[in-house]
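Reviewing the structure listed below.
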Amino acid sequence: MATALELKYLLTLGRWRRGLGVLPQSRALAALVPGVSQVDNKSDFLGKRPHRRHPGILQLPRVRLPQALADAAQLLLLERSMPNVEKQVQALTNYLWSRHLPIEPEELQRRAVHLEKKFLENPDSSQTEEKLCGAVLHALRRTTYHWRELSYNEGLSLVYMAARLDGGFAAVSRAFHEIRARIPEFQPQTLMDFGSGTGSVTWAAHSTWGQSLREYMCVDSSAAMLDLAEKLLKGGSESGEPYVPGVFFRQFLPVSPKVQFDVVVSAFSLSELPSKADRTEVVQTLWRKTSHFLILVENGTKAGHCLLMDARDLVLKGREKSPLDPRPGFVFAPCPHELPCPQLTASKPLACSFSQAYHPIPFSWNKKPKEEKFSMVILARGSAEEANRWPRITQPVLKRPRHVHCHLCCPDGHMQHAVITGRRHGRDLYRCARVSSWGDLLPVTTPPELPPSPAKDPPES
């Protein structure tokens, strides 16, 4: 049976609906987000453009591979005549997506000590030291992820090409588009790709900045992958002119900081390194090689996101350790701040990921459009004041009658669930939010967070 307080609330709700003709839920929820209150009009952010083209719109339309690349990939797979290639592609895709980072020796030792104490606390077990050691090892084998380094031969490289070439191209294209859309005057001339694999970064960079790029350095430890990337550039053959000029291949990462590249990329490669120490060394080397932008991309999982946040913190905290290039680093995207990631410090940690739609290579099993879910961080040299500090939309926007739900990562380092209405926030902000998508920036200023004020009932008429 409803209490008197509940009946009073229901009566008030009815009067609100009849008197105002609006849904009270929108207004009540919007009142809980006082920080998102006004459009950033200080730079005439719209100009003469419609709201659907506001400057925070960064989502790419559905990406399609260059026709020359798609044709070369199909030709190479057809020439090899691999049996059950569809099953191999699906198996590799599932394996790469579910892959965890290798466990560190310190963590393994901590688990072993914990298990040993657990076994010793059992009063029924009178084990010798040898049996206790065997029991601990057996338990560790059952509960520990067994990470293995992938060794790419010619066959596995082709399977990887069929599984990941188009998705990797889509994710990196979205990262490049973030830079081009926000800094259209940036025209890089040199690029280095660490863990280049099939060369999707080179193709995406050429599609984005092909008029200005003059040199592409592709680094991969697998000779088979480098051979495959070179064949793809030459239309599927070992001879002929490459589709993208100025591409160079090498198996080892150049460590000298004297030669820098305008753009340095590591896409889906840091997670393939065997230890945190190796990742630290590689990230520091990549940052020393960076003249303008360092782009890191990984799978859109919690493991991939944590790895990127570690790399971000490593660069931000090591500002004073680059004597040949003293310019500091800052986060260009996606974070609108340099504080700890609120997605990871939440009670239920989530991956900060994004999605990019793309047309897959038209293999026989690959007909429908797909979505690539990925995490990224773009670090830039210079001052953080140069960065755009608008909030980032971190989940799909929910559009409802007369209100919009936006999950925002804000410049103060906090997440906000903003329910934006035209009545409370104004026509410009409401329309900008309604046409925005997951991954876009919302052009609002966010004053210091105020204590939430409960929504008050309107006066009775």
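The values are calculated or read from the model by the stated rules, or taken from the named source; none is laboratory data. Given the structure is predicted, the values throughout are model-derived calculations rather than measurements. Cβ sites come from the backbone with ideal geometry, for glycine too, and all protein chains shown count toward neighbours. Each accessible area value is taken on the protein alone, full model and side chains, heavy atoms only, with ligands, DNA and RNA left out. Shrake-Rupley method; radii C 1.70, N 1.55, O 1.52, S 1.80 Å.
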List the residue pairs whose Cβ atoms are under 8 Å apart, where the first residue sits in the range 376-397 and is closer than 17 Å to CYS341 by Cβ, the second is open to solvent by less than 30 Å² (accessible area, probe 1.4 Å) and hydroxyl-bearing (Ser, Thr, Tyr), and the two are 6 or more positions apart or on different chains.
LEU379/THR290; ILE393/SER436
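One line per residue, one yes/no per condition, for (1) open to solvent by less than 10 Å² (accessible area, probe 1.4 Å); (2) of a type in the set (Ser, Thr, Tyr); (3) within 26 Å of LEU156 (Cα to Cα):
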{"residue": "SER207", "(1), (2), (3)": "no, yes, no"}
{"residue": "GLY210", "(1), (2), (3)": "no, no, no"}
{"residue": "ARG214", "(1), (2), (3)": "no, no, no"}
{"residue": "CYS218", "(1), (2), (3)": "yes, no, yes"}
{"residue": "GLU230", "(1), (2), (3)": "no, no, yes"}
{"residue": "SER237", "(1), (2), (3)": "no, yes, yes"}
{"residue": "GLY240", "(1), (2), (3)": "no, no, yes"}
{"residue": "PRO245", "(1), (2), (3)": "no, no, no"}
{"residue": "SER256", "(1), (2), (3)": "no, yes, no"}
Would you be able to tell me the number of residues in the range 398-410 that are in contact (Cβ under 8 Å) with a residue 12 or more places away in the chain and in a strand (DSSP E or B)?
9
Taking only pairs six or more apart or across chains, which ones have beta-carbon atoms under 8 Å, a first residue in the range 250-277 that is without any contact (Cβ under 8 Å) to a residue 24 or more places away in the chain, and a second residue that is surrounded by 17 or more Cβ atoms within 10 Å (Cβ to Cβ) and in a helix (DSSP H, G or I)?
LEU273/ARG279; LEU273/VAL282
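Would you check if there is a residue in the range 383-391 being within 21 Å of the chain's Cα centre (by Cα) and open to solvent by less than 20 Å² (accessible area, probe 1.4 Å)?
Initial filter on the range 383-391 (within 21 Å of the chain's Cα centre (by Cα)): 384, 387-391.
Next, from what is left, pick out any that are open to solvent by less than 20 Å² (accessible area, probe 1.4 Å): 387, 391.
Yes.
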Being modelled with pLDDT of 50 or more, aliphatic (A, V, I, L, M) and either open to solvent by less than 70 Å² (accessible area, probe 1.4 Å) or more than 30 Å from GLU230 (Cα to Cα) (or both) is true for just one of LEU60, LEU78, LEU13. Which residue is that?
LEU60
THR285 versus (1) free of Cβ contacts under 8 Å to residues at least 40 places away in the same chain; (2) open to solvent by less than 20 Å² (accessible area, probe 1.4 Å); (3) touching a helix residue (DSSP H, G or I) at 6+ places or on another chain (Cβ under 8 Å): which is the lone unmet condition?
(3)
Index of the failed condition, PRO326 passing every other in (1) touching a residue at least 24 places away in the same chain (Cβ under 8 Å); (2) open to solvent by 20 Å² or more (accessible area, probe 1.4 Å); (3) not hydroxyl-bearing (Ser, Thr, Tyr)
(1)
Go over the candidates THR128, THR93 one by one and state the one that is closer than 30 Å to GLY300 by Cα and either open to solvent by less than 60 Å² (accessible area, probe 1.4 Å) or among the polar types (S, T, N, Q) (or both).
THR93
All-but-one check, TYR358 against (1) over 11 Å from the mean Cα position of the chain (by Cα); (2) of a type in the set (Ser, Thr, Tyr); (3) open to solvent by less than 50 Å² (accessible area, probe 1.4 Å); (4) farther than 30 Å from ALA72 by Cα, failing number (4)
For the subset of the range 184-219 comprising residues that are assigned to a strand (DSSP E or B) and not aliphatic (A, V, I, L, M), which member is nearest to LEU60 (Cα to Cα)?
ASP193
Does any residue of the range 155-168 turn out to be in a helix (DSSP H, G or I) and in contact with a His (Cβ under 9 Å, 6 or more places away or on another chain)?
yes
